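Engineer: Let me begin by handing over the structure; questions about it come next.
The values are calculated or read from the model by the stated rules, or taken from the named source; none is laboratory data. Note that the coordinates shown come from a computational prediction; the quantities given were computed from them, not determined experimentally. Heads up, the Cβs are rebuilt from the backbone with ideal geometry, glycines too, and the neighbour counts pull from every protein chain shown. Just so you know, the surface numbers come from the protein's heavy atoms only, side chains and all, with ligands and any DNA or RNA stripped out. Shrake-Rupley method; radii C 1.70, N 1.55, O 1.52, S 1.80 Å.
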Amino acid sequence: MYQDQNAPLDLRVADLLGKMTLEEKIQQLNQQAFGLNLNANNQGQTLHDVAPDIGSLIFLNDDPVERNSIQRRAMEESRLGIPILFGFDTIHGMRTVYPIPLAQACSWNPALVTQAAAMAARETKLTGIDWTFSPMIDVARDPRWGRIAESYGEDPYTVSVFGVATVQGYQGVELTESSGVAACLKHFAGYGASEGGRDYRATDISAQALWETYLPPFESGVKAGAATLMSGFNDISGVPASANRYLLTEVLKKCWAHAGFVVSDWNSIEQLVAQGVAKDRKEAGLKAFEAGVEMDMVDRIYADHLQELLDEGKLSMDSINDAVARVLRVKFRLGLFERPYTPIVPVSERYLRPDDRRIAAQLAEESMVLLKNDGGVLPISPAVKSLAVIGPMVKDQENLLGCWSGNAKAEDVETLFDGLTREFGGGADLIYARGCDFDGDDDSGFAEAVAAAAHADVVVLCLGEKKSWSGENASRSTIALPGIQEKLAGCLRQVGKPLVLVLSNGRPLELRRLAPLADAILEIWQPGIAGGTPMAGILSGRVNPSGRLAISFPVVTGQIPIYVGMRSSARPNDGNYQDIPGEPLYPFGHGLSYAFFHYGRAILSQDKVGMDEKVTVQVPVTNTGSVEGQETVFWYISDPVCSISRPMKELKYFEKKSIKPGETVVFTFEIAPLRDLSYCDSTGKRLLEAGDFHVRVKDQQVSFELSGC
Ligand code: GLC
């Protein structure tokens, strides 16, 4: 029966479960790593010989033929022929690497993100991987935390939209589609609140904050059908995520009825000992299993201790059966019993297809944010005859990939220099000087850089971060760039030529000293393999920048946390630091265009609405500029009086549209009270209270009354 693909899924699971021995069941809950482990943070054994009945492998090599040979042993040597589930961290591309997730959110183009994820799923599948440990949907509000690069930013609604878009790209409409891979929502939950932005540290999250900020993206992802979740490293107000029954069972399984499974993070079960909630590995395994972690990532604790715990009556056979059923359900949903082997296609057809590169370039283009453009320095005029192209990022390849760059190869990356040469090389001379390294104190290259600037019409200064300065275990005490880079900018400013600053980084940066030195600033993030041409196209004006910030840029590190959706100070004109402005240097939603968008008056369909009715608000936006541009309209809700203090404004909808010169486009937000006006209390219950509400769009605010009936 379980091998009959036309039989109902749950019958197949029950039939197979009924045939399995306890040892075979426990093996399904065991995941080991196989292959060359290059992740310095994840030390530990990697297998070189695999037991054919193991449940899952993290496949760290990239040869589908090798993967199929392992799978063949599972299908032919194991007693019941249960396929192995191969997993890997495809975070923003496998070999065709596109922008880091923080950049993707700045595109405000979920449909494009879905396309990119689908492309990544295909490359992943053809590498031999059935399951990616992505999307990472931790709301992140502390840029000192290196993993902010992997997130979709500070706003729960934004993170929800892009998390769902990515799940849909990975899994397709139905998970059994041949090119789809299973998604994994991570890190459940609250990992982004790591104390002081230091990775692996405790998080102190109130029940209200959990439901209001950190859980919404996971609830959306579960409702979108994400097959799995990964439990986090972090301790949540004293209860580690990987031993948190409230989260993993009460919320995920009972409240949200998730039918898939939870895998622990690397070593996060054994780490329960270090976190002080288990005296040894065996107790750690009991705590994690009882909480609701079904699969053990590389600790071998379930393999070593579940039988013992069962024999001691500390676990029930029902709980083991339920865990195994969840793992089998995902394997059946993936079609692994019918299609256990990866189709082998030549590498040239597997990776880096022209269409895939095009998607990567378009997403890079739409994620870049023009932060500053004083005096219309950009776009660079075609009359310009020479460009000084300076900085450590100009000819760099590896660092443009960003963290978690899959199986990318640096040689696949288009450099900024190559992009600029293609864009400007026909009409202008490019004078290159590295100027300095990313850090250190060697300024011996400054003279050459200053000389290049002196001979050029315009200076393009490309600065930023190494890829290793963000990602896992890459927290930094300051979000400013190293002094040597700021010093180089200062020297170039003295030359007096128009200075365009291009930044490639994995987090918001402290630009308090750098920003005044530049006439224009283009944030290109870590664009992946195809950032050079999009960046150059924006500098030349061939591309009109359309990125808007999905993460606030604080004035200085000391201003952290500052983010959209903060609550009001008790004294609204106070509650800030004495020595810096009260606002971020560049706020959430900020981004310039070469077009000019004039917002007409926002109009409400009515000024009173019942709880089960809808109210529509519209705003006409006119492009008064001379070039076409894409504008993203952000719709916020404010609830000035409520039983609890609510954020000053909450993003509830956004829409990005192209507008031609002189054209007026009407943007519409249809408000559904329960979805858009309600709030979660500390138990996760959604509450809707009558009263006045404000809708905020750009610099306007319109109000309406929600009546009690
Ligand atoms: C890492 C990360 C997690 C990743 C896992 C497997 O430690 O925390 O995001 O998916 O291990 O590589």
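Engineer: Bin all alpha-carbon pair distances of the chain at 20 Å intervals from 0 and give each bin's fraction as a whole percent.
Structural biologist: 18, 49, 30, 4, 0
Engineer: Largest first and to the nearest Å, give the Cα extent of region 547-620 along each principal axis.
Structural biologist: 45, 38, 19
Engineer: Listed highest first by mean packing, meaning other Cβ atoms within 10 Å per residue, what order do 135-146, 570-581 come in? Don't skip to the end; give the middle numbers.
Structural biologist: Values: 135-146: 27.1, 570-581: 9.2.
The most tightly packed comes first, giving 135-146, 570-581.
Engineer: Oh, and also: Could you tell me what % of all Cα pairs in region 187-235 have separations over 18 Å?
Structural biologist: On the way: 364 of 1176 pairs.
Counting pairs separated by more than 18 Å, the tail of P(r) holds 31 percent.
Engineer: Just round it to a whole percent: the fraction of Cα-Cα distances in region 597-706 exceeding 17 Å. Spell out each step's value before the answer.
Structural biologist: On the way: 3287 of 5995 pairs.
Value for region 597-706 (Cα pairs over 17 Å): 55 percent.
Engineer: Rolling a 1.4 Å sphere over the protein heavy atoms, what is the accessible area per residue of region 512-552, to the nearest Å²?
Structural biologist: Per-residue accessible area for region 512-552 comes out at 18 Å².
Engineer: In percent, how large is the relative contact order of region 366-559, given Cα pairs closer than 8 Å and 6 or more residues apart? The partial results should precede the final answer.
Structural biologist: Numbers: 425 pairs, mean separation 65.9, N = 194.
34 percent.
Engineer: Now for a different question. Would you mind getting me the FRET efficiency between A447 and R542? Use the beta-carbon distance for r and R0 = 35 Å, nearest 0.05. Display every interim value, and only then the final one.
Structural biologist: On the way: r = 33 Å, r/R0 = 0.95.
Computed FRET efficiency for A447 and R542: 0.55.
Engineer: Using R₀ = 56 Å, calculate the FRET efficiency as 1/(1 + (r/R₀)^6) where r is the Cβ-Cβ separation of D63 and S477; round to 0.05. It would help to have the intermediate numbers written out before the result.
Structural biologist: On the way: r = 41 Å, r/R0 = 0.73.
Calculated transfer efficiency: 0.85.
Engineer: Still on this structure, I have one more. Per residue of the chain, what 222 nm ellipticity follows from adding -39500 (n - 2.57) for every DSSP H run with n ≥ 4, rounded to the nearest 500?
Structural biologist: On the way: 18 runs with 184 residues, N = 709.
About -7500 deg cm²/dmol.
Engineer: In nm, what is the difference between 0.36 nm times the number of residues separating V627 and R353 and their Cα-Cα distance?
Structural biologist: Length gained, V627 through R353: 95.5 nm.
Engineer: A further question follows. Tell me the accessible surface of E663 in square angstrom (1.4 angstrom probe, heavy atoms of protein chains only), to the nearest ten.
Structural biologist: For E663, solvent-accessible area is about 60 Å².
Engineer: Let me ask something additional. Given an 8 Å cut-off on Cα distances and at least 6 residues of separation, report the relative contact order of region 526-653 as a percent.
Structural biologist: Numbers: 170 pairs, mean separation 33.6, N = 128.
Result for region 526-653 is 26 percent.
Engineer: Rounded, prolate or oblate: which fits region 497-632, taking a ≥ b ≥ c as square roots of the Cα gyration tensor eigenvalues, rounded meaning a/c under 1.5, else prolate when a/b beats b/c?
Structural biologist: oblate
Engineer: Same structure again: Just to be sure I follow the rule: in region 597-706, considering lysines 8 or more places apart or on different chains, how many pairs have Cα atoms under 30 Å apart?
Structural biologist: 21
Engineer: Taking the Cα centre of the chain as origin, sum charge times position over the Cβ atoms of Lys and Arg (+1) and Asp and Glu (-1), and report the length of that vector in debye to the nearest 20. Don't skip to the answer; put the middle values down first.
Structural biologist: Values: 68 positive and 90 negative charges, 183 e Å.
The calculated dipole for the chain is roughly 880 debye.
Engineer: Mind checking Rg over Rh on region 60-202, alpha carbons, Kirkwood formula for Rh? Write down the numbers at each step before the final one.
Structural biologist: Values: Rg = 16.5 Å, Rh = 16.0 Å.
Reported Rg/Rh (Cα atoms, Kirkwood Rh): 1.04.
Engineer: Using a/c under 1.5 as the rounded threshold, could you call region 189-335 rounded, prolate or oblate? The axes a ≥ b ≥ c are square roots of the C-alpha gyration tensor eigenvalues, and prolate needs a/b larger than b/c, oblate otherwise. Write down the numbers at each step before the final one.
Structural biologist: Details: a/c = 1.86, a/b = 1.13, b/c = 1.64.
Because a/c hits 1.5 or more and a/b fails to exceed b/c, region 189-335 counts as oblate.
Engineer: Next question, about the same structure. Give me the percent relative contact order of the chain, please, defined on Cα pairs under 8 angstrom at least 6 residues apart.
Structural biologist: On the way: 1741 pairs, mean separation 98.5, N = 709.
Reported as a whole number, the value is 14 percent.
Engineer: On the accessible surface of region 597-706, probed at 1.4 Å, how many percent belong to carbon and sulfur atoms?
Structural biologist: Numbers: 2530 of 5220 Å².
Of the solvent-accessible surface of region 597-706, carbon and sulfur hold 48 percent.
Engineer: Right, next: Which of the lysines could a cross-linker bridge to K467, judged by Cα under 17 Å and excluding same-chain residues fewer than eight apart?
Structural biologist: Hits, sequence-local ones excluded: K395, K409.
Engineer: Leaving ligands, DNA and RNA out of it, rank D155, D519 by accessible area with a 1.4 Å probe, largest first. Before the final figure, lay out each step's value.
Structural biologist: Details: D155 10, D519 35 Å².
Ranked from most to least accessible, the order is D519, D155.
Engineer: Give me the accessible area of K487, 1.4 Å probe, in Å² rounded to the nearest 10.
Structural biologist: Answer for K487: close to 100 Å² accessible.
Engineer: Rounded, prolate or oblate, given the Cα gyration tensor of region 341-495, with a/c below 1.5 counting as rounded? List each step's numbers first, then the result.
Structural biologist: Values: a/c = 2.16, a/b = 1.42, b/c = 1.52.
Judged from the Cα gyration tensor, region 341-495 comes out oblate (a/c at least 1.5, b/c at or above a/b).
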